[in-house]
1. Under the condition of being at pLDDT 90 or above and of a type in the set (Val, Ile, Thr), which residue from segment B:364-406 is nearest to A:Gln309 (Cα to Cα)?
2. Condition check: open to solvent by 20 Å² or more (accessible area, probe 1.4 Å) and within 14 Å of chain B (Cβ to nearest Cβ). Does A:Asp62 satisfy that?
3. Name the residue that is surrounded by the most Cβ atoms within 10 Å (Cβ to Cβ), counting only residues in segment A:1-17 that are free of Cβ contacts under 8 Å to residues at least 60 places away in the same chain and within 14 Å of another protein chain (Cβ to nearest Cβ).
4. Within segment B:318-347, which residues are within 22 Å of B:Phe385 (Cβ to Cβ), open to solvent by 50 Å² or more (accessible area, probe 1.4 Å) and not β-branched (Val, Ile, Thr)?
5. Give B:Trp307, B:Trp283 a once-over and let me know the one that is part of a helix (DSSP H, G or I), without any contact (Cβ under 8 Å) to a residue 60 or more places away in the chain and among the aromatic types (Phe, Trp, Tyr).
6. Among (1) within 30 Å of B:Glu255 (Cβ to Cβ); (2) in a strand (DSSP E or B); (3) open to solvent by 60 Å² or more (accessible area, probe 1.4 Å), which single condition is A:Thr103 missing?
7. Identify the single condition in (1) assigned to a helix (DSSP H, G or I); (2) more than 14 Å from chain A (Cβ to nearest Cβ) that B:Val288 does not satisfy, given that it satisfies every other one.
8. Which one of these is over 30 Å from A:Ala192 (Cβ atoms), more than 30 Å from the chain's Cα centre (by Cα) and either surrounded by fewer than 16 Cβ atoms within 10 Å (Cβ to Cβ) or away from every other protein chain (no Cβ under 14 Å) (or both): A:Gly415, A:Gly364, A:Gly350?
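The values are calculated or read from the model by the stated rules, or taken from the named source; none is laboratory data. Remember, predicted model here, so these are calculated numbers, not experimental data. Every residue, glycine among them, receives a Cβ derived from its backbone with ideal geometry; neighbour counts consider all protein chains shown. Heavy atoms of the whole protein, side chains included, go into the accessibility calculation; ligands, DNA and RNA do not. Shrake-Rupley method; radii C 1.70, N 1.55, O 1.52, S 1.80 Å.
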Amino acid sequence: MFGYYIDIAVRSLRRNKVLTALMILTLAMGIGASITTLTVLKLLSGDPIPQKSARLFYPQIDPNTLDGYVADKTKPDTIMTYTDAMSLLHAHRAKRQAVMALTQAKIVPQHANDHPYFTDGVMTTADFFGMFDVPFQYGGSWTADDDESRAPLVVIADFLNEKMFGGGNSVGKIIRINDHDFRIVGVLKHWAPQPRFYTQGLAGRDYGDGDAVFMPLQTARSMDMGPQDTECFASVTDVQHLETAPCEWVGLWVELDDSAAVAQYKSFLDGYVRQQINLGRFKRSDTALLDVMGWLSDQQVVPDDAKLQVYLAFGFLLICVVNTVGLLLAKCLRRSREIGVRRALGATRGAIFTQFMVEAGIVGLTGGLLGLVLAELGLLGVRHEPAEYASLAYLDIEMFLLTFVVALVASLIAGLLPAWRACVMAPAPQLKAA
Amino acid sequence: MDVLPIFASLRKHRIPTLLIVMEIALACAVLCNAVFMISRRIGDIHLPNAIAEQEITTIKLRGTDPKLVTSDIPRNLAALRNIAGVQAAAIASTVPLSHQNWGWSFGLTQASSVTDQNNTNVTLYFLGEGADKTFGLQLREGRFFNATEYADSTVGNAALPTTHVVIVNETVAKQLWPGQSALGKTIYSGPNYFTVVGVVADVLRPFVSTQNEQKSYYATFYPMAPDPALGYYILRSAPADRDRIMKEAVQKLQEINPAAVATGVTYESMRDQYFANTSSMVWTLTLVCAVMLAVTAFGIVGLTSFWVGQRRRQIGIRRAVGATRGDILRYFRTENFLLSTVGVIIGMGMAFAINLYLMQHYELSRMPWYYLPGGAIALWLLGQFAVMGPAMRAAAVPPVVATHSA
């Protein structure tokens, strides 16, 4: 029976090629636009470290004066002073903890004739790699002792290893960063979480390639490497010696395994702040401890434009669906005679209804297929956009399936009204008119 | 034209009527908001910037030895001035739209502390000698810095320069001292103070604020002797020479500073890069609007054609009893006009509601009222255009159809 419905549907769709083409094209454009923008939004708002995002937390405290402070309304600062971050790090109250800041690292190539170049660098402490599950190809992390002894060690990314050493095991080799020699202790496998959650608040890029070099924070600072962003909350005379300046420029991440550990850490953080207030260093008592996804939404990492485009695309899809309803209805009403004949010959209302829904479904699936092509074209367009996430815009299998679900649902919704109209039509007047 | 028969006929075809009205309403609502977003972004892309944008090339030099700047900077500038076609060369700490911001908050009284909420956060541009002329800053009031002021100012490891003079943008002058001349007035931060000696036409900051256009112009300028804070070499030349000069300048700076990294860009392309995302959003929105209008038009064509097909006999009868082709044409056009009117009224309400929603959840401003009638007129015209074809086909129905049996 279903085969018969499909046969009738195809015949009917063929009878009016322009109208059919118009319906399919309209639906395809709506679906293409929606899937393109949804893919981009999904990419931008994804979980950068799904296996661990609920166990990684970003502590925040607030060393600012009481100027402009409104109790319970003022959020604590996004970054910390070096003093506070190091005190919290050395307290070892979490399973793992790391302090970090971003810097621009000047790499001097191995060959004498090549020009030096700048790349993205992370100044951090030893736990960074273990805490964020950073995968190593060769070697491994430096140790906490290396941090304290300011050892000139570096972990480099796969792409830098490829560029400088042709991808071989370069552990133990020396590279020159900002005119200082560093010994390579580890080479990463490809690692570029999207969005780059650990750079939020530190004035880094949100998406795109990963960082190229990772250096011990104290080592890099002893060589005068500066952070990307510095926020001072009192007048400063010396921004070179940031460790002692009233300026915030580092972020702290901690790993906490369960809710008990989280509660414990939060009370430790509150206690630390109270202690600082008693010492007269702090005035504000607010603290925060957000996990990865909470921190990303707090930082509004997903660009507004991406969300607006999704709204726009769904508005457009709605228009396309209304349009398809109209065209299907026009087609259906034109066939009232045929329906009358079929009803008179014994077809039930259910049969007529099913047949029209099958017809709508065929339009939907064809529209979905074409919509998929359009979405691929749309994503090709997005990849040529200048945005930093552009190169990541590829359709994944989930979105591929969603395309067909959206297409089918959209077309079946569009088909409901015409199908209902068709099946409630009284057969007699139609036959008489014929 | 009598509209009553049209109403009577529409009442018989409630569902198609409703569909056309809905389609027009949705299109109107989306169109108004999309066009508003497009125009806001085009406004951002064209923000005025009172420097000689078409004649400037910038070379950023990073990774130099900070201890040697006092000898390096004059040497580099001399080398750049030797390049054929370079009319002027100078150095600055940053340039407008470079994303590299040096900001600080100032108050109007000596007691103002850094964190005072009433302070104004502004960008600090440090200018090496001659940068005013090289940028092509336009003096509105007062004077530029003199040679002594340039020679006496450094920033070193501090956050603020040692000078006590400042030149401000017109917007800053108006904001801080409304209705008065800014000349001779002073801005304070802790022990530092700066007296305004000049006011210049508005220069953009290293980043622009999309929410508050005014804030995009909160910039101040300070003189500076060779200092590690200065890293942007600014070259002025005829527009045609820029690309060649940029290549030669990068090569020359790289040659005499082998340990440093020189990157060059014409100011024009720096501005284009800054707004690249914005302009690609403009193109996306424009494309979606165009396709949406096309879809709406096709929908109207489809439904009206169906209507015409259904009413062939009725049209034939009307023709037989004396209606002219013009009457038939007018009938369908009036019908479409009525449907469009209802559609755009609902659509304008929806457009307004969508704008309110977006204002609450995204940093979007209120849509000026004229977007609503603008969108309405666009859809009226679109409706009339789309109905042309089917209406002509209706008008072509010969009166003899009336005599055919149904």
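1. B:Ile377
2. On the way: open to solvent by 20 Å² or more (accessible area, probe 1.4 Å): no; within 14 Å of chain B (Cβ to nearest Cβ): yes.
Taking the combined requirement at face value, the residue does not satisfy it.
3. Among them, the one singled out is A:Arg15.
4. First, the residues of segment B:318-347 that are within 22 Å of B:Phe385 (Cβ to Cβ): B:325-347.
Cutting the leftovers down to open to solvent by 50 Å² or more (accessible area, probe 1.4 Å) gives us B:325, B:330, B:333, B:337, B:342, B:345-346.
Listed by number, the residues that qualify are B:Arg325, B:Arg330, B:Arg333, B:Phe337.
5. Values: B:Trp307 fails: without any contact (Cβ under 8 Å) to a residue 60 or more places away in the chain.
On inspection, the qualifying residue turns out to be B:Trp283.
6. (3)
7. Looking at each condition in turn, B:Val288 falls short on (2).
8. Working: A:Gly415 fails: either surrounded by fewer than 16 Cβ atoms within 10 Å (Cβ to Cβ) or away from every other protein chain (no Cβ under 14 Å) (or both); A:Gly364 fails: more than 30 Å from the chain's Cα centre (by Cα).
Within the list A:Gly415, A:Gly364, A:Gly350, the selection yields A:Gly350.
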